[in-house]
Amino acid sequence: MLDEIMPSWVATAELFGDPPDITLFPEEEALVSDSADKRRREFRTSRHCAHLALRRLGVAPRPVLRGDRGAPAWPPGVVGSITHCAGYRAAAVARGALSIGIDAEPHLPMPHGVLERTATPAEAAALDLLDIPDPGRLLFSAKEAIYKAWHPLTGQWLGFLDATVTFTTSPHPPAVSGTFAAEIAVHGPGWPTRFEGRWLVSGGLIVTAIAVPAPSA
């Protein structure tokens, strides 16, 4: 799914289950040694996806530990993002780029009251025009991807209502995909004020992705 919405210069890896024979570096295993079994399984498979994506990028195997706010600490010169939800784990990495943000969610209705906390009135009204059922979860996923792309560039927190997102839709049954654009209301020196990304809904999953290339020379 992820490689359908990422540019060719981004290396991706995804799994739809938790293989029992995954082996991580001891430093990675230590990060979840006290966690519940569900958390350990999703962490181990997600880190395995990160290793696969780095290998496809030509990076020698190494631990992917935790950095600021728990985000993955990528090797020097590499940017990336990891996501996981029920039945899906994925990672995306690239060299010579500014940032990457990916998110995956089950394509289910939003819990009561969550949309009101994550969408502006204009966004909520526009969601009704999208040709997919239960589009609130798509907006939530897009804003998660936006934050993952935003934070490495600014080191700052970005609230759900600090980004206003608009979507386009391109139905390709049985999947539905499209693009999205986000206008950022929080400004700072050199901070991005707009992101553009892509999304895909297929097989009961929603995947959103942003890849910010480095400025051209």
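Please treat every number below as a calculation from the coordinates, not as lab data. Because the structure is a prediction, the values reported are computed rather than measured. Using ideal geometry, Cβ is built from the backbone for each residue, glycine included, and neighbour counts are taken over all protein chains shown.
Can you tell me the 0 to 90 degree angle between the C-alpha axis of helix 136-154 and the longest principal axis of the chain, rounded to 10? The angle comes out at about 60 degrees. Taking ALA94, ALA119, ALA30 in turn, the Gaussian network model of the chain (Cα-Cα springs below 10 Å) assigns the largest fluctuation to ALA30. Once the Cα-Cα distance is subtracted from the 0.36 nm per residue extended length, the ALA71 to THR166 segment shows a gain of 31.6 nm.
The modelled label-to-label distance between PHE16 and CYS85, using points 7 Å beyond Cα along the C-beta direction, is 1.5 nm. Spin-label pair ALA36-GLU196: with each label point 7 Å from Cα along the Cα-Cβ axis, the two points sit 4.2 nm from one another. Relative to one another, the C-alpha centroids of the range 135-159 and the range 94-119 are positioned 6 Å apart. Measuring max minus min along each principal axis, the C-alpha atoms of the range 82-172 give extents of 38, 28, 25 Å (largest first). Selection among VAL59, GLY80, THR193 by position relative to the dipole of the chain gives VAL59 as farthest towards the positive end (Cβ unit charges, Cα centre).
D by Stokes-Einstein for the range 2-98, Kirkwood Rh over Cα pairs, 37 °C, 0.692 mPa s: 242 µm²/s. Charge dipole of the range 102-213 (Cα centre as origin; +1 on each Lys and Arg Cβ, -1 on each Asp and Glu Cβ, all else neutral): 240 debye, rounded to the nearest 20.
Placing unit charges on the Cβ atoms of the charged side chains and taking the dipole of the chain about its Cα centre, the candidate lying farthest along the positive direction among ALA11, ALA142, GLY101 is ALA11.
Using 0.36 nm per residue, how much length does the chain from ASP3 to LEU98 gain when fully extended, once their Cα-Cα distance is taken away? Extra length from ASP3 to LEU98 when fully extended: 32.3 nm. For the chain, the longest principal axis of the alpha carbon atoms and the long axis of helix 37-56 meet at an angle near 80°.
Where the only charges are on Cβ atoms (+1 Lys, Arg; -1 Asp, Glu), what is the dipole of the chain about its Cα centre, to the nearest 20 debye?
Using only the charged Cβ atoms, the result is roughly 560 debye.
Here's the picture: charge each Lys and Arg Cβ at +1 and each Asp and Glu Cβ at -1 in the chain, and of THR168, ALA125, ALA30 the one pushed furthest to the positive end of that dipole is ALA30.
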